[in-house]
């Protein structure tokens, strides 16, 4: 019980801290942050249920007014902004990423990469694009067009999520809650 | 760590958090019903007036918090210039800025502890689903305490990397940082268990 609680809390803190990491500019001029990588890691390291709870805890703390969303954003305002769909998709993304790692028999690094892609990209965009379309009064295709710029960054994060999860599995074999 | 609550005392600081949140819900729902630019401009002016009434310092902080919206304003502006539908663009932007500004107003005038109290009240029924309020409060406290701890750890890892290599650490800090979070979680779990557990 204690282990579940502390892992959920510590990974919520990790997601926040990864948001402080300075943004890297891609060649296309689009900033990428490590925060959504943190979301993927919640799922691939903690598993579906705990991963989703960690992200949910993080979001509650954003809502109550901590400036811990990437770029120092926070408070209730972010839930009325065009990116609200991504925020709603965050816990689901972590859940799916965790589910893939729990269920798959592939080597841990590959399973984590696939999970990070399905959760952190496919599922996340399935929430983010309709959210943006709704908030900016655009069609789904138009909204999708607006965020294609982020895809190269996401590809990098998927690979990193796989590598980090694999590294953790090697260093602390017993600590990966997604693969007990 | 700083919160987004404004240090400028305003009359809204005295209003109960639950009432402000309920009012915000109603206001936002109405905002998304409005279709005409005139109605939306009136609502926007109303929110702007409230900010202005609380003084320059308060309004300046509000403007700073709205800064992440500007890229969207530029995109929508260009888009609607191109499609020659300026009224449509104005409606979208007015609604967006007013909704975010109103929500930010509640955040800026409500203390973190009051906000957390509301969350704990809302989550009280979850006690039957296996989440006692005490455990939730402990989780909040742990996250708030460990954000600066992990942040420091990340700085140390980066400094250690720089001491050894002329190159930038980049993504290489990720693995040790995640490892630190995992290990800290185990240590804190042990410490909690030694003190009687989370109940």
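Each value in this text was obtained by applying a stated rule to the coordinates, not by laboratory testing. Given the structure is predicted, the values throughout are model-derived calculations rather than measurements. Because the Cβ atoms are built from the backbone with ideal geometry, glycine has one as well, and the counts that use them run over all protein chains shown.
Fewest-first ordering of A:4, A:70, B:165 by other beta carbons within 10 Å of each residue's beta carbon gives B:165, A:4, A:70.
Shape of the stretch A:1-130 from the C-alpha gyration tensor: oblate (a/c of 1.5 or more and a/b not above b/c, with a ≥ b ≥ c the square roots of its eigenvalues). Relative to the longest principal axis of chain B, what angle (0 to 90°, nearest 10) does the C-alpha long axis of helix B:70-82 take? The answer is roughly 40 degrees. Between residue B:187 and residue B:52, the simple spin-label model (points 7 angstrom out along Cα→Cβ) gives 5.4 nm. The long axis of helix A:84-103 is offset from the longest Cα principal axis of chain A by roughly 20 degrees. Contact order for chain A, expressed relative to its length and based on alpha carbon pairs under 8 Å spaced 6+ residues apart, stands at 25 percent. With the helix formula -39500 (n - 2.57) applied to DSSP H stretches of n ≥ 4, the protein assembly as shown reaches a computed 222 nm mean residue ellipticity of -23000 deg cm²/dmol. Got a sec? Which residues in the stretch A:35-72 would a label at residue A:103 touch, if it sits 7 Å along Cα→Cβ and we count backbone N under 19 Å? Counting only backbone N, you get A:40-53. Placing R0 at 35 angstrom, the Cβ-Cβ distance between residue B:195 and residue B:2 gives a FRET efficiency of 0.70 after rounding to 0.05.
Can you compute log10 of I(q)/I(0) for the protein assembly as shown with the Debye formula, treating each Cα as one identical point scatterer, at q = 0.08, 0.10, 0.14 Å⁻¹? Computed log10 I(q)/I(0) values: -0.43, -0.67, -1.26. Put in order of Cβ neighbour count within 10 Å, fewest first, the listed residues B:28, B:42, B:7 become B:7, B:42, B:28. Approximating the spin labels as points 7 Å out from Cα along Cα→Cβ, the residue B:137-to-residue B:81 distance works out to 5.5 nm.
Under the definition of partner shielding as Cβ atoms of other protein chains within 10 Å of a residue Cβ, what is the mean value for peptide B:68-77?
Partner-chain Cβ atoms within 10 Å, mean over residues of B:68-77: 3.
Counting, for every residue in A:76-88, the Cβ atoms of other protein chains within 10 Å of its Cβ and taking the mean gives 6. Checking the a/c ratio against 1.5 first, then a/b against b/c, what shape does the Cα gyration tensor give for the stretch B:27-184? Taking the square roots of the gyration eigenvalues as a ≥ b ≥ c, the stretch B:27-184 is oblate. You can think of it this way: the chain between residue B:38 and residue B:128 has 27.6 nm of extra reach, that is 0.36 nm per residue less the Cα-Cα gap.
The value of relative contact order for chain B, using C-alpha pairs under 8 Å at least six residues apart, is 25 percent.
Quick check: the angle from helix B:86-108's long axis to the longest principal axis of chain B, C-alpha only, nearest 10 degrees? Helix B:86-108 sits roughly 50 degrees off the main axis of chain B.
Hey, with R₀ at 30 Å, roughly what FRET efficiency would residue B:156 and residue A:141 work out to, going by the Cβ-Cβ distance, to 0.05?
Values: r = 46 Å, r/R0 = 1.54.
Computed FRET efficiency for residue B:156 and residue A:141 comes out at 0.05.
Here the Gaussian network model covers chain A, with springs between Cα atoms less than 10 Å apart; of A:54, A:106, A:34, A:106 fluctuates the most. Under 1.5 on a/c is rounded, so check that first for the stretch A:63-144, then, if it is not, pick prolate when a/b is larger than b/c and oblate when it is not; a ≥ b ≥ c are the square roots of the alpha carbon gyration tensor eigenvalues. In terms of gyration-tensor shape, oblate. For the stretch B:15-60 versus the stretch A:108-128, the spacing of their alpha-carbon centroids is 37 Å.
Counting every other Cβ atom within 10 Å of each residue's Cβ, A:95, A:127, A:11 order from fewest to most as A:127, A:95, A:11. Name the residue, out of B:169, B:133, B:125, whose mean-square fluctuation peaks in a Gaussian network model built on chain B with Cα pairs under 10 Å. Looking only at B:169, B:133, B:125, the largest GNM fluctuation is found for B:169.
Quick one: Debye curve from the alpha-carbon atoms of the stretch B:93-199 only, equal weights, vacuum; give me log10 I(q)/I(0) at q = 0.10, 0.12, 0.17, 0.25 Å⁻¹ to two decimals. One equal scatterer on each Cα of the stretch B:93-199 leads to -0.53, -0.72, -0.97, -1.25. Out of B:139, B:163, B:29, any idea which swings most in a Gaussian network model of chain B, alpha carbons joined below 10 Å? The residue with the greatest mean-square fluctuation here is B:163.
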